[in-house]
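Written below as structure tokens is the structure these notes are about.
The values are calculated or read from the model by the stated rules, or taken from the named source; none is laboratory data. No experiment lies behind these values; they were computed from the predicted model shown. We place every Cβ from the backbone using ideal geometry, glycine too, and count neighbours over all the protein chains shown. Ligands, DNA and RNA are excluded from the accessible area calculation, which covers all protein heavy atoms including side chains. Shrake-Rupley method; radii C 1.70, N 1.55, O 1.52, S 1.80 Å.
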Amino acid sequence: MTKKKIAILTGGGDAPGLNAVIYTLVRACKSLMDCEVIGYKFGYRGLYTNDFMPLNRSTTSGILHKGGSILYNSNKDNLFNYTVEENGVMIQKDVSDIAIENMKKADVHALVVLGGDGTLTSARDFARKGVNVIGVPKTIDNDLSATEITFGFDTAVNIVTDNIGKLHTTAESHHRVLIVEVMGRSAGWIALHAGIAGSADVILIPEIEYSLQGIVDKVNERKTHGKPFTIVAVTEGARCKEGGASIGRIVEDSPDAIRFGGIAQKIAHQLEPLVENEVRHCVLGHIQRGGDTSAFDRVLSARYGVKAAEMIRDGHFGTMVTLRDNTMGFVPLEEVVGGGDMGETSAGGAKTVDPNGELVRVAKAMGISFADE
């Protein structure tokens, strides 16, 4: 009998742990089913261009700890609404059937998609067209509601925590207020966890609207206690009571068109006239995605990879791997991203920080301000 062939792709932004899932999935598919595995490059674009590479022990050796993806990433290629040139004109077109034909020619039995809400929406749409699809949730923002935690989040928190710690010494030396901008889009998980772990004085997250006066009050309070410097950790999508969120740019050809950014610089500019300190800002940016994957994320990725292989073996297609109550399971992709029309890229519901939840209460009990009073 011909061996079953499994395909993997990594869509959306990169995240620490992608390579660990690939590494584990390749080995689990071999040990559980003796399958051949290939990887499509640059996410869904590779399905369309038929650009893939063999994935085996040799080609995946030594990648478990590495960030990024050996299959590369793209967050702009929705094959149900893809930009192509026809008669010299660029148009949007559904090219998903070409991708399906490429998989048939390659004799692909199942497709494992590693990605966030936009990537998994396309996975759902391919499942509707008869493709055997398994989704694996990926985002450093930890904002997918169907699973308790996503790989890459722990690594990002460790990186931010480390950098906040380093900024403490320079802030103290100059008696400055330092505004540290971190990723997370509309979910404040990274800022909340790293702010607590890194001893930030103020944490600003999208789920709790802040006021500029609230930050001023905290800076002045610290001065009265002999601490003439302040560290503020702010999620890129944090919202000011007086002005809303700060949008950096609009990327028209991306399923996630709105890109937050500039909030740290904006706060620094607004805050400096109101306090006696110098105010500086620091945007950690893509450093949060880079470097080696944390030990926690390597183990978590291994669990996701093995579960995906087991689901292929057992024929549980059209689903996504989940972690709930510290147990690996799965849910239908329809539940993860909703049941809208093909090509829709909105998720079924993001997981955000509860403003009245335990971690917020913990932070407040530690004396950390959310600048909301």
**Asked** Which of the residues spanning the range 184-217 are surrounded by 23 or more Cβ atoms within 10 Å (Cβ to Cβ) and of a type in the set (Ser, Thr, Tyr)?
**Response** TYR210
**Message:** I'd like to check something: does the range 137-152 contain any residue that is among the charged types (D, E, K, R) and under 17 Å from HIS281 (Cα atoms)?
**Reply:** no
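Which of the residues that make up the range 133-149 are of a type outside the set (Gly, Ala, Ser) and in contact with a Gly (Cβ under 8 Å, 6 or more places away or on another chain)?
VAL133, VAL136, PRO137, LYS138, THR139, ILE140, ASP141, ASP143, LEU144
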**Item:** Qualifying residues in the range 1-29 (those that are modelled with pLDDT of 95 or more and charged (D, E, K, R)) - the one surrounded by the most Cβ atoms within 10 Å (Cβ to Cβ)
**Value:** ARG27
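Restrict the check to the range 39-46 and report whether at least one residue is of a type in the set (Gly, Ala, Ser), free of Cβ contacts under 8 Å to residues at least 24 places away in the same chain and more than 19 Å from ASP125 (Cβ to Cβ).
Checking the range 39-46: not a single residue is of a type in the set (Gly, Ala, Ser), free of Cβ contacts under 8 Å to residues at least 24 places away in the same chain and more than 19 Å from ASP125 (Cβ to Cβ).
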**Request:** Count, please, the residues in the range 288-305 that happen to be in contact with a strand residue (DSSP E or B) (Cβ under 8 Å, 6 or more places away or on another chain) and open to solvent by less than 60 Å² (accessible area, probe 1.4 Å).
**Result:** 7
**Asked** PHE52 fails exactly one of the following numbered conditions: (1) among the hydrophobic types (A, V, I, L, M, F, W, C); (2) open to solvent by 60 Å² or more (accessible area, probe 1.4 Å); (3) touching a His at 6+ places or on another chain (Cβ under 7 Å). What is the number of that condition?
**Response** (3)
**Qualifying positions in the range 180-217 - in a helix (DSSP H, G or I) and under 16 Å from the mean Cα position of the chain (by Cα)** = TRP189, ILE190, ALA191, LEU192, HIS193, ALA194
**Prompt:** With (1) over 18 Å from VAL21 (Cβ atoms); (2) of a type in the set (Gly, Ala, Ser); (3) open to solvent by less than 40 Å² (accessible area, probe 1.4 Å); (4) at pLDDT 95 or above as the list, and GLY343 as the residue in question, which single condition is left unmet?
**Reply:** (4)
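Every residue, every condition in (1) in contact with a helix residue (DSSP H, G or I) (Cβ under 6 Å, 6 or more places away or on another chain); (2) in contact (Cβ under 8 Å) with a residue 12 or more places away in the chain; (3) over 20 Å from MET53 (Cα atoms), yes or no:
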position: ILE100; (1), (2), (3): no, yes, no
position: MET103; (1), (2), (3): no, yes, no
position: ALA110; (1), (2), (3): yes, yes, no
position: THR121; (1), (2), (3): yes, yes, yes
position: ASP125; (1), (2), (3): no, yes, yes
position: LYS129; (1), (2), (3): no, yes, yes
**Prompt:** In the range 73-98, what residues are touching a residue at least 40 places away in the same chain (Cβ under 8 Å) and either in a strand (DSSP E or B) or surrounded by fewer than 10 Cβ atoms within 10 Å (Cβ to Cβ) (or both)?
**Reply:** THR83
